[in-house]
Amino acid sequence: MTRRQIFILTGILSGTIILTNLPFLPGPSILNVPAQLFYNGGQLFGMLGLLLVPFGIVWTVRQFRKTESKFKLFAILLWTIPLTVFLSTTYLSNLTRDYSRGVAIKRADKMIQELKAYKEQNGQYPDSLETVGIKTPSTGIIGIEDFYYQGDSDKFELTFYQNVILNFNYEIVTYDKADNHSTKGEMKELYETGFDHWKYEIFD
């Protein structure tokens, strides 16, 4: 392979990784819809595309045995793209989802401090954020659209969501100062986030 072909191959595979992890990367939530299409489509293609891997490897070996061949790059792409998509959406996405969760939790801290200050001044938490002028910040992550608030006089919860598998399984991340977290779906396991009072579940 020429240096140019290696450069093209690297660029295509790098772009594939970025696109299939787009929901978990920093950016405006206005990109959420196309980001989810790339991610969900990548999950489907990654599983089905594995069928191309053996054929692609065999064809690649044959092309490299030839002295001159115009199809070496295409032969490599035939199996490296589906394999990259599969690994990206199956394994790497777990790491980028951990990253996006952490970014969103950190961005919610200012709002939490505002809510605590409101309680100190008024003796209770607000029923809604709009009535007291507290604004929810941007999550900072493409695939996390917003923070959702539920509160009464004594307590409040903050929640956000992100896709896990094809929008059928998704992650519910919740802040509860009293640590009275409970699951909302059939799967009853709660996971630690590494941040105080924040836990998440995988909703099925």
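Confirm whether I142 is hydrophobic (A, V, I, L, M, F, W, C) and either closer than 19 Å to G15 by Cα or in contact (Cβ under 8 Å) with a residue 40 or more places away in the chain (or both). Judged against the criteria, I142 is a match. Has the range 3-14 got any residue that is under 13 Å from the mean Cα position of the chain (by Cα), surrounded by fewer than 13 Cβ atoms within 10 Å (Cβ to Cβ) and outside the structural domain of Q162 (by TED's automatic domain parsing)? No, the range 3-14 contains no residue that is under 13 Å from the mean Cα position of the chain (by Cα), surrounded by fewer than 13 Cβ atoms within 10 Å (Cβ to Cβ) and outside the structural domain of Q162 (by TED's automatic domain parsing). Could you check how many residues of the range 78-100 are over 13 Å from V53 (Cα atoms) and either surrounded by 18 or more Cβ atoms within 10 Å (Cβ to Cβ) or in contact with a His (Cβ under 9 Å, 6 or more places away or on another chain) (or both)? Within the range 78-100, residues that are over 13 Å from V53 (Cα atoms) and either surrounded by 18 or more Cβ atoms within 10 Å (Cβ to Cβ) or in contact with a His (Cβ under 9 Å, 6 or more places away or on another chain) (or both) number 6.
Checking V103 against (1) without any contact (Cβ under 8 Å) to a residue 60 or more places away in the chain; (2) surrounded by 13 or more Cβ atoms within 10 Å (Cβ to Cβ); (3) closer than 21 Å to I141 by Cβ, which single condition isn't satisfied? If we test V103 against (1) without any contact (Cβ under 8 Å) to a residue 60 or more places away in the chain; (2) surrounded by 13 or more Cβ atoms within 10 Å (Cβ to Cβ); (3) closer than 21 Å to I141 by Cβ, just (1) comes out false. Evaluate the range 58-66: report whether one residue or more is aliphatic (A, V, I, L, M) and at pLDDT below 90. Checked the range 58-66: at least one residue is aliphatic (A, V, I, L, M) and at pLDDT below 90. The residue that is surrounded by the most Cβ atoms within 10 Å (Cβ to Cβ), counting only those in the range 106-137 that are in a loop (DSSP other than H, G, I, E, B) and charged (D, E, K, R), is D127. P137 meets the conditions (1) touching a residue at least 40 places away in the same chain (Cβ under 8 Å); (2) touching a helix residue (DSSP H, G or I) at 6+ places or on another chain (Cβ under 6 Å); (3) closer than 21 Å to Y200 by Cβ in every case but one. The failed one is (1).
Residues in the range 49-59 include none that are surrounded by 14 or more Cβ atoms within 10 Å (Cβ to Cβ) and at positive phi. For the range 15-41, the tally of residues that are within 24 Å of D146 (Cβ to Cβ), out of contact with any Phe, Trp or Tyr (no Cβ under 8 Å at 6 or more places or on another chain) and either touching a residue at least 24 places away in the same chain (Cβ under 8 Å) or outside any helix (DSSP H, G or I) (or both) stands at 11. Please work out if A75 is surrounded by 14 or more Cβ atoms within 10 Å (Cβ to Cβ) and touching a residue at least 60 places away in the same chain (Cβ under 8 Å). No: the conditions fail for A75. Residues of the range 138-196 that are of a type in the set (A, V, I, L, M), at pLDDT 90 or above and not in a loop (DSSP other than H, G, I, E, B): I141, L158, V164, I172, V173. Go through the range 145-156 and report how many residues are surrounded by fewer than 17 Cβ atoms within 10 Å (Cβ to Cβ) and touching a residue at least 12 places away in the same chain (Cβ under 8 Å). Looking only at that region, the number is 7. Total residues in the range 1-14 satisfying the condition of being among the polar types (S, T, N, Q), over 25 Å from V103 (Cβ atoms) and free of Cβ contacts under 8 Å to residues at least 12 places away in the same chain: the figure is 2.
The values are calculated or read from the model by the stated rules, or taken from the named source; none is laboratory data. A quick note: this is a predicted structure, and the numbers were derived from the prediction, not measured. Quick reminder, even Gly has a Cβ in these numbers, built from the backbone with ideal geometry, and neighbours come from all protein chains shown.
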